[in-house]
Amino acid sequence: MPLRPRRFPLRAIHLLPQLSPRLPLRSRSAVVALILAVALGSCGDDNNSGVPDVLPPQPELVEPASGTTLDTDSPVFTVRNANGFDSGEADYTFWVTVASTDRQVATLTVPAGRSTTSVRFPEPLLRGATLAWSVTAVTASAAETASGSATFRLPPVDCVQTDDPYAKQAAGFWVPAVCLAQNIYNDPDEALGPPDAGGQGPDQFFGFVSLGNGGWVDVDMEGCAVDGPGDDVRVFQAVSGEPVTLLASSTPTGPWVLVEYRQPCGNRVPGMGSQIRQCTFDLLDAGIEEARYFRVQDGELFPCPGGTVTEGADIDAVEILNLKP
């Protein structure tokens, strides 16, 4: 890289003519050399930011550094901008994924800053997995450049020590209004505790909640499921065998990471009533090591109105198979 001309601070240059002519020539030379050394040592980036004027060809991740374990759910992400993708030239999209599966956790797009660009995601990120982050920069003319990736971890999931493997609280619930008007089994608390569905249809069932077309119920297990031998979570369903989608999180508000999409959920459970069926899920499929909250979502996707008064997946219970001690 060619050297740039040195610009000496004015304060150093102004000192040069002030040297007394009474000083011996050797002394004056020594003082001049000292002043020049100080001046040269103070040269560098004009904005004193510590960032060289010449930007790299691709974005460079600055923080969090790869392999870092953080003490916050909301870290600041900083990238050194790429040449031609600086302030006023580009937007930067920040991506956070589960490292082993590349399943998306969060994404945010912001205008480029000067030399570096930083963001903090508005919501907490996912605990219980090794995460990866990267950036993509795009100009108004659609020129694009991307960084490499770096991994990091957040603090452990906040788990309650318990021997009870079943869901304790309904943390969220949504069913399309047209399905709520049709279905008659709409209490999300019916998804809590051990499986207990029974009765006769169409309107004499009990012990489950119907999710309608794409609806969901979020449950707080209080304890944590961990990725262990075999499958880690079981969903109990009643009445029929509609598919079920399962997502996991470390907080009641997400972010939610997909474990499995539209898993058939009609296996009968030996020793239980004729209405109870099941399906099981492995956290390994999502790249998650532990999770406390689960979103159970209808996977039948049959439109309402129409169908039955139990439209959608009918959730009876959620159980942890590998419970964190």
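From the residues in segment 149-168 that are in a strand (DSSP E or B) and either closer than 20 Å to residue 222 by Cβ or aromatic (Phe, Trp, Tyr) (or both), which one is nearest to the chain's Cα centre (by Cα)?
Step one: filter segment 149-168 for residues in a strand (DSSP E or B), giving 150-153, 166.
Within this subset, residues satisfying the condition of being either closer than 20 Å to residue 222 by Cβ or aromatic (Phe, Trp, Tyr) (or both) are 152, 166.
Values: 152: 11, 166: 26 Å.
Going through the qualifying residues, I end up with 152.
Quick one: how many residues across segment 184-194 are in a loop (DSSP other than H, G, I, E, B) and without any contact (Cβ under 8 Å) to a residue 60 or more places away in the chain? It would help to see each step written out before you state the result.
Within segment 184-194, the first condition is being in a loop (DSSP other than H, G, I, E, B), and the residues that meet it are 184-187, 192-194.
From what is left, the residues that are without any contact (Cβ under 8 Å) to a residue 60 or more places away in the chain are 186-187.
Of the residues in that region, 2 qualify.
Which members of segment 139-164 meet the condition of being among the hydrophobic types (A, V, I, L, M, F, W, C), buried (at least 18 other Cβ atoms within 10 Å of the Cβ) and farther than 14 Å from residue 290 by Cβ? Outline the logic, then answer.
In the first step, residues of segment 139-164 are kept if they are among the hydrophobic types (A, V, I, L, M, F, W, C); the result is 140, 142-143, 146, 150, 152, 154, 157, 159-160.
Right, trim to buried (at least 18 other Cβ atoms within 10 Å of the Cβ) and you get 150, 152, 154, 157, 159.
Answer for segment 139-164, where residues must be among the hydrophobic types (A, V, I, L, M, F, W, C), buried (at least 18 other Cβ atoms within 10 Å of the Cβ) and farther than 14 Å from residue 290 by Cβ: 150, 152.
Pick from 126, 131: which is surrounded by 16 or more Cβ atoms within 10 Å (Cβ to Cβ), modelled with pLDDT of 95 or more, within 30 Å of residue 285 (Cα to Cα) and in contact with a Phe, Trp or Tyr (Cβ under 8 Å, 6 or more places away or on another chain)? First the steps, then the outcome.
Details: 126 fails: in contact with a Phe, Trp or Tyr (Cβ under 8 Å, 6 or more places away or on another chain).
Among 126, 131, only 131 is surrounded by 16 or more Cβ atoms within 10 Å (Cβ to Cβ), modelled with pLDDT of 95 or more, within 30 Å of residue 285 (Cα to Cα) and in contact with a Phe, Trp or Tyr (Cβ under 8 Å, 6 or more places away or on another chain).
Considering 197, 181, 170, 137, which residue is among the aliphatic types (A, V, I, L, M), within 30 Å of residue 71 (Cα to Cα) and in contact (Cβ under 8 Å) with a residue 60 or more places away in the chain? Break it down into steps so the answer makes sense when it comes.
Values: 197 fails: within 30 Å of residue 71 (Cα to Cα); 181 fails: within 30 Å of residue 71 (Cα to Cα); 170 fails: in contact (Cβ under 8 Å) with a residue 60 or more places away in the chain.
So the residue among 197, 181, 170, 137 that is among the aliphatic types (A, V, I, L, M), within 30 Å of residue 71 (Cα to Cα) and in contact (Cβ under 8 Å) with a residue 60 or more places away in the chain is 137.
Do any residues in segment 72-91 that are over 14 Å from residue 116 (Cβ atoms) and assigned by TED's automatic domain parsing to the domain that holds residue 114 have Cβ atoms under 9 Å from those of residues that are part of a loop (DSSP other than H, G, I, E, B) and of a type in the set (S, T, N, Q), where the two are at least six apart or on different chains, and which pairs are they?
73/250; 73/251
In segment 263-288, how many are among the hydroxyl-bearing types (Ser, Thr, Tyr) and surrounded by fewer than 16 Cβ atoms within 10 Å (Cβ to Cβ)?
1
Would it be correct to say that residue 291 is over 20 Å from the mean Cα position of the chain (by Cα), under 21 Å from residue 167 (Cα atoms) and buried (at least 24 other Cβ atoms within 10 Å of the Cβ)? Give the derivation first.
Details: over 20 Å from the mean Cα position of the chain (by Cα): no; under 21 Å from residue 167 (Cα atoms): yes; buried (at least 24 other Cβ atoms within 10 Å of the Cβ): yes.
Considered against the rule, which asks whether it is over 20 Å from the mean Cα position of the chain (by Cα), under 21 Å from residue 167 (Cα atoms) and buried (at least 24 other Cβ atoms within 10 Å of the Cβ), residue 291 comes out as no.
Between 196, 164, 220, 231, which is under 12 Å from residue 318 (Cα atoms), in contact with a strand residue (DSSP E or B) (Cβ under 6 Å, 6 or more places away or on another chain) and not assigned by TED's automatic domain parsing to the domain that holds residue 70?
On the way: 196 fails: in contact with a strand residue (DSSP E or B) (Cβ under 6 Å, 6 or more places away or on another chain); 164 fails: in contact with a strand residue (DSSP E or B) (Cβ under 6 Å, 6 or more places away or on another chain); 231 fails: under 12 Å from residue 318 (Cα atoms).
Going through 196, 164, 220, 231 in turn, the sole match is 220.
Mind listing whichever residues of segment 169-183 are small (Gly, Ala, Ser), surrounded by fewer than 19 Cβ atoms within 10 Å (Cβ to Cβ) and not in a helix (DSSP H, G or I)?
So in segment 169-183, the residues small (Gly, Ala, Ser) come out as 170-172, 177, 181.
From what is left, the residues that are surrounded by fewer than 19 Cβ atoms within 10 Å (Cβ to Cβ) are 170, 172, 177, 181.
Matches in segment 169-183: 170, 172, 181.
Going by what's in this entry, would residue 259 be described as in contact (Cβ under 8 Å) with a residue 40 or more places away in the chain and among the β-branched types (Val, Ile, Thr)? Spell out how you get there, then give the answer.
Details: in contact (Cβ under 8 Å) with a residue 40 or more places away in the chain: no; among the β-branched types (Val, Ile, Thr): yes.
When the stated conditions are applied, residue 259 does not pass them.
Could you tell me whether any residue of segment 263-285 is in a loop (DSSP other than H, G, I, E, B), touching a residue at least 24 places away in the same chain (Cβ under 8 Å) and under 19 Å from residue 127 (Cα atoms)? Outline the logic, then answer.
Within segment 263-285, the subset in a loop (DSSP other than H, G, I, E, B) is 264-266, 269-275, 282.
If we keep only those that are touching a residue at least 24 places away in the same chain (Cβ under 8 Å) too, we end up with 265-266, 269, 272-273, 275, 282.
Those still in the list that are under 19 Å from residue 127 (Cα atoms) too: 282.
Checked segment 263-285: at least one residue is in a loop (DSSP other than H, G, I, E, B), touching a residue at least 24 places away in the same chain (Cβ under 8 Å) and under 19 Å from residue 127 (Cα atoms).
Within segment 294-317, count every residue that is surrounded by fewer than 24 Cβ atoms within 10 Å (Cβ to Cβ) and not in a loop (DSSP other than H, G, I, E, B).
Let us first name the residues in segment 294-317 that are surrounded by fewer than 24 Cβ atoms within 10 Å (Cβ to Cβ), namely 295, 299-309.
Add one more test, that the residue is not in a loop (DSSP other than H, G, I, E, B), and what stays is 295.
Qualifying residue count, segment 294-317: 1.
Could you figure out which of (1) under 25 Å from residue 251 (Cα atoms); (2) touching a residue at least 24 places away in the same chain (Cβ under 8 Å); (3) part of a strand (DSSP E or B) isn't true of residue 109?
Exception for residue 109: condition (2).
The values are calculated or read from the model by the stated rules, or taken from the named source; none is laboratory data. Every value quoted in this text rests on a predicted model; they were computed, and no experiment measured them. Heads up, the Cβs are rebuilt from the backbone with ideal geometry, glycines too, and the neighbour counts pull from every protein chain shown.
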